[in-house]
Amino acid sequence: MNLIPAGMTRRHFLSHMAASAATIPAVQFMQHLQVHAETVKKNQKACILMWMGGGPPTIDLWDLKPGSKNGGEFKPISTKGDCQITEHLPKTAAQFDVLNVVRSMSTREADHGRGRYFMHSAYVPNPTVVHPTFGSVVSHELGTKRKDLEIPSFVSIGGDPGSPGFLGMSNAAFVVNTQGQIRNADMGDIDQRRLASRLAMLGTIEDNFIASNRGDAPQAHKDVYKKATDLMTSKQMTAFRVDKEDAKTIEKYTGTGTPTGGMRGMRGNNDFGRGLLMARRLVEAGVPFIEVGFGQSWDLHNDVFNRLKTAHLPMMDTAISALVSDLKERSMINDVVLVWMGEFGRTPRINQNVGRDHWAASWSVMIGGGGLKGGQAVGATDADGLTCTTKPYLPGNIWATACHALGIPTTTVHTSKRGRPMKIANGEAPIAELIA
């Protein structure tokens, strides 16, 4: 077993060993080293993004308006923190000592594509540059420093996380489904000898392209294929095998019972829960950023309350509460930043189809863990949910807060392919109320 923690040089390790050996017996010293190595591994920072594609009605989840004509059918309940959330998230409410709601999110992007781009990158779409999704930013800043990490440093489970932009394909998301299956990864009947032969031929072709000075793309392509082939033999790939968990743990994340109404994702068939369980396993393997897609659309233009209480919220409540409690039990909660968001919110006004439409002016994001303060509602909207009555926040503020928790300097500046400086999180500041 290699007891030298990641990031420690051999010389530093030997000097540390000599100094410690002089003061404690050999057996105790080896136990000390083992504990230290495990602590270093546990303390590797990570972020799990829970992506709610379609635009969730946060007025019905995190910022209820009882007494308002916009308030809808749900009632608020108290949490373990100092705020209230919907009655249909009781298990999550019990974990709110480490979670927070930012209630004064406000953007101008109420289109699905533009809103998704903005929330993932902190930049509005620009025809002259493709900005990296935040998972790629974390991969670039943290993943490259984890020399023992053999699997990708940015994993997307059941989603489409966007582009690595000017950070290059080596920081692109590694996309799998909630069963851990990789897209286009069927090797068929190719044996190891034939595979090695094909890879050698590919390597020769790529080396020739790289030598012809055709830009960064050939080298990036080779690097991506190298990572792909390394995956085939890495023991760390078992992190994707959720089925290796015991039945009680899987049930904790996915719930029990038989799906009703033919709706995929109901309790007992909870892809989101499996995704979050896989995310926890990937964090333990050293992956610094995992995005988990919800699996069902939140684009609830009709029948919003029935769909929330019978499908979306039971699945979400089971999965999120299981993840948070699991991270607490494993002493990981202070090292893992949790972010829950969609591309925008939904209208305070309830439409004629008992649904809510697109709304970006005033809505909520949930964030917690990672050593951030917990149990708070930051920001506020008016009694009808129409406007922010406190300082409005942008996606850059959320990601700057995550950067702070992950130990990534918010002063970091990247350079686009055209030589333009690009501030991390678009130069926005962390949310002060959340900084411990």
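Values in this text are rule-based calculations from the coordinates and carry no lab data. These numbers were taken from a predicted model, which means no experiment stands behind them. Because the Cβ atoms are built from the backbone with ideal geometry, glycine has one as well, and the counts that use them run over all protein chains shown.
Structural remarks
- Flagged links, alpha-carbon separation over 32 Å, of K328/K417; K75/K423; K145/K423; K91/K244; K145/K248: K328/K417; K75/K423; K145/K248
- From most to least packed by mean Cβ count within 10 Å, the peptides 121-127, 90-96 give 90-96, 121-127.
- Neighbour counting of Cβ atoms within 10 Å sorts the residues D271, D243, fewest neighbours leading, into D243, D271.
- Virtual spin-label span in nm between D111 and K309, 7 Å along Cα→Cβ: 3.7
- Residues in region 98-127 that a label on A380 would reach, taking backbone N under 16 Å of a point 7 Å out along Cα→Cβ: 101-105
- Global form of region 267-343, assessed from the alpha-carbon gyration tensor, a/c cut-off 1.5: prolate
- Amide H contacts under 5 Å for V378: V101, V102, R103, restricted to partners 5 or more places along the chain or on a different chain, H placed in the peptide plane at 1.01 Å from N.
- Stretching V124 away from K248 to a fully extended chain increases their span by 40.3 nm, per 0.36 nm per residue minus the current alpha-carbon distance.
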